[in-house]
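Colleague: First the structure, which I've put down as structure tokens, then a few questions once you've had a look.
Values in this text are rule-based calculations from the coordinates and carry no lab data. It should be emphasised that the depicted structure is a prediction, and the values quoted were computed from it without experimental measurement. Cβ placement follows ideal geometry from the backbone for every residue including glycine, while neighbour counts extend to all protein chains displayed.
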Amino acid sequence: MKPKPIATFKHTSHAKELNKSLQRLQKSLIFVGIAAGSKGDSRKDGPANHLLGFVHEHGSPAANIPARPFLVPGVKEAKDEVKSGMEATMRAALNDDEKAVKSLLDQTGMKAVSAVKNYMRMGNFEPLKPSTIKNRNRSRLTKGKRQNEKVGQNIKPLVNTGALRDALDYYVEDGSGFA
């Protein structure tokens, strides 16, 4: 059985514009992460956030740091929202509505970033080592431990100062015309 077409065009004069619009959308990409050199990348207490994020995502056997992936699983958590956003973006592209396309790409990027931040807060990560917990206050530039660190409960990896989480952002590469 032959599949049904998504759209048919009775007037070929519009087909060229629609094809151009769809080709521009096809070249559009949404990147989620921490861009090197971005305003949220620098830290007072160690490596830049993009490097720290990479180490957490992949681990560092040389430094005895286990992988605590948050970026890829966080984006996967938003899979349905991202799909829905891209479907709406496709409809806007079919209507040759460049303003709506840009807005929808931005909204989709924001939803993906929000999902990653939520995953950082709620994800089940390998626990921190006692030596790391002991020195966590140093990276916050505080003299003492938080109450939960003193009693050893509810200690979340990846979130200490909030700088790594706050550095997460998205970027839309338009491919030529939308973003």
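Colleague: Can you work out the Karplus-derived ³J(HN,Hα) for every residue in region 98-106? Use 6.51 cos²θ - 1.76 cosθ + 1.60 with θ = phi - 60°, whole Hz, and x for glycine or proline.
Modeller: Coupling constants for region 98-106: 4, 5, 5, 4, 4, 4, 5, 5, 4 Hz.
Colleague: Report the net charge of residues surrounding D80, where surrounding means a beta-carbon distance below 14 angstrom and charges are Lys +1, Arg +1, Asp -1, Glu -1.
Modeller: Local charge sum for D80: +1.
Colleague: Now a separate question. Region 37-82 to region 94-132: how many Å between their Cα centroids?
Modeller: Centre-to-centre distance over Cα atoms comes out at 13 Å.
Colleague: Which entries of K79/K156; K44/K156; K44/K99 show an alpha-carbon separation above 31 angstrom in the structure shown?
Modeller: Among K79/K156; K44/K156; K44/K99, the Cα-Cα distance tops 31 Å for K44/K99.
Colleague: Ok, one more. Given a cut-off of under 8 Å on Cα pairs at least six residues apart, what relative contact order in percent is computed for region 34-143?
Modeller: This gives 22 percent for region 34-143.
Colleague: Here's another thing I want to ask about it. Straight-line reach from K134: which aspartates and glutamates have Cα under 18 Å away, leaving out those fewer than 8 places along the same chain?
Modeller: Cα-Cα hits under 18 Å: D45, E126, E149.
Colleague: So which aspartates and glutamates can K20 reach, going by Cα to Cα under 18 Å and dropping same-chain residues fewer than 8 places off?
Modeller: Reachable aspartates and glutamates: E87, D96, D97, E98, E173, D174.
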